[in-house]
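Data first, discussion second: the structure below is written as structure tokens.
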Amino acid sequence: MLQITNLADMVSAVLDAGGKGGIIIVDTLNRATPGADENSSVDMGNTIAAAKELQSATSGMVMLVHHKGKRDSAGARGHSSLYGALDAAIAVNNKGGQRSWSTAPLKGGKTKDGEAITKNFELKKVSLGVDEELLSINSAVVMPCDYEVRQVKSLTANQKFAMAAFSSAAKVNGTLDSAGNLAGLHVETWRVEFYKNSTADNTNAKKTAFGRARKELVELGQVSVLNDIYRLKNVELFDESDFADAVLAKEELA
């Protein structure tokens with residue numbers, strides 16, 4: 001976007017494709033401006049000018065996908081001139097498993113006209129079938145949720161270790177249900193993987209750490225358990241579709 005010739009070609013491509021008056025999504029801003037310093041007022045100013053030129057030349061709207069900074073209230077990462085130049089900003093947040101989008105300034109959003117709003121949403125996994133190698137093709141759709149999603153505390157190091165062990169064990173020994181989702185993992189299979197990579201001093205220490213992690217992860221809603229079979233309830237830490245691909249590949253080789 002920082003090269004005049006590239007910008008002109010982009011405008012021509014949009015207009016030739018009948019995109020006049022449409023929405024142009026730049027995903028991501030960082031990748032569309034290689035070599036630019038996002039903390040530089042000069043580079044960010046040139047980026048803003050390019051976006052406005054693209055908007056004007058196509059009579060449309062330009063949407064920039066960008067990363068937030070360390071503080072929500074600071075808005076988009078990089079020089080403050082970007083946030084100041086925006087007509088509106090929609091901040092997408094994920095705090096402890098609670099996903100939301102917001103135009104509220106304190107949450108990183110912005111709106112020049114109208115009242116700032118915040119809405120919760122969930123991601124629902126959907127199956128799109130299988131590819132030519134019979135591996136499942138999955139995606140996600142955004143589903144609004146009007147209820148307040150239960151806040152989940154950040155996982156401890158031991159809990160994260162247990163979830164990583166669950167992931168590794170499930171890809172090798174997990175099974176799929178009729179919808180292509182992970183059906184479950186037996187506690188002993190999970191235990192073996194946990195013990196194998198644990199750096200605890202002895203077996204008793206590993207047993208204590210594993211037992212504590214299992215109990216806490218159930219309480220936090222990360223996993224559920226029935227008859228020693230554990231199932232995922234929150235897949236925020238890793239993509240569940242990895243399990244389906246790994247298990248289907250294993251079944252093809254069997």
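Observations on the structure shown:
- Glu236 more than 26 Å from Leu128 (Cα to Cα), among the acidic types (Asp, Glu), open to solvent by 20 Å² or more (accessible area, probe 1.4 Å) and modelled with pLDDT under 90: no
- Some residue of region 193-204 being surrounded by fewer than 18 Cβ atoms within 10 Å (Cβ to Cβ), touching a helix residue (DSSP H, G or I) at 6+ places or on another chain (Cβ under 7 Å), modelled with pLDDT of 90 or more and acidic (Asp, Glu): no
- Within region 133-154, restricting attention to residues that are closer than 27 Å to Thr189 by Cα and under 17 Å from the mean Cα position of the chain (by Cα), the residue that is modelled with the lowest pLDDT is Val152.
- When region 212-230 is filtered for residues that are of a type outside the set (A, V, I, L, M, F, W, C), closer than 15 Å to Gln159 by Cα and either at pLDDT below 90 or surrounded by 12 or more Cβ atoms within 10 Å (Cβ to Cβ) (or both), the ones remaining, listed by number, are Arg212, Arg214, Glu216, Glu219, Gly221, Gln222, Ser224, Tyr230.
- Figure legend. Inter-residue proximity from region 81-100: first residues farther than 17 Å from Leu155 by Cα, second residues of a type in the set (Lys, Arg) and part of a loop (DSSP other than H, G, I, E, B), beta-carbon distance below 8 Å, spacing 6+ or different chains. Indicated pairs: Asp87/Lys112; Ala88/Lys112.
- Selection status of Phe161, surrounded by 15 or more Cβ atoms within 10 Å (Cβ to Cβ), more than 30 Å from Ala85 (Cα to Cα) and not β-branched (Val, Ile, Thr): yes
- Any pair with Cβ under 8 angstrom, 6 or more apart, that starts in region 217-231 at a residue that is under 13 Å from Ala183 (Cα atoms) and of a type in the set (Gly, Ala, Ser) and ends at one that is open to solvent by 10 Å² or more (accessible area, probe 1.4 Å) and outside any strand (DSSP E or B): Ser224/Val218; Ser224/Lys233
- Just one of the listed residues (Ala165, Ala170) is touching a helix residue (DSSP H, G or I) at 6+ places or on another chain (Cβ under 9 Å), among the aliphatic types (A, V, I, L, M) and at pLDDT 85 or above, namely Ala165.
- A single member of Val130, Val62, Val126 is over 23 Å from Glu219 (Cβ atoms) and modelled with pLDDT of 90 or more, and it is Val62.
- Some residue of region 182-190 being at pLDDT 90 or above and either in a loop (DSSP other than H, G, I, E, B) or among the hydroxyl-bearing types (Ser, Thr, Tyr) (or both): yes
- Annotation: of all residues in region 101-121 being in a loop (DSSP other than H, G, I, E, B) and touching a residue at least 12 places away in the same chain (Cβ under 8 Å), the one that is surrounded by the fewest Cβ atoms within 10 Å (Cβ to Cβ) is Lys112.
- Flag for Ala209 being in a helix (DSSP H, G or I) and open to solvent by 30 Å² or more (accessible area, probe 1.4 Å): no
The values are calculated or read from the model by the stated rules, or taken from the named source; none is laboratory data. The structure displayed is predicted, hence computed values, not measured ones. Here the Cβ is made from the backbone with ideal geometry for all residues, glycine too, and neighbour counts use every protein chain on show. Calculation scope for accessible area: heavy atoms of the full protein, side chains included, ligands and nucleic acids excluded. Shrake-Rupley method; radii C 1.70, N 1.55, O 1.52, S 1.80 Å.
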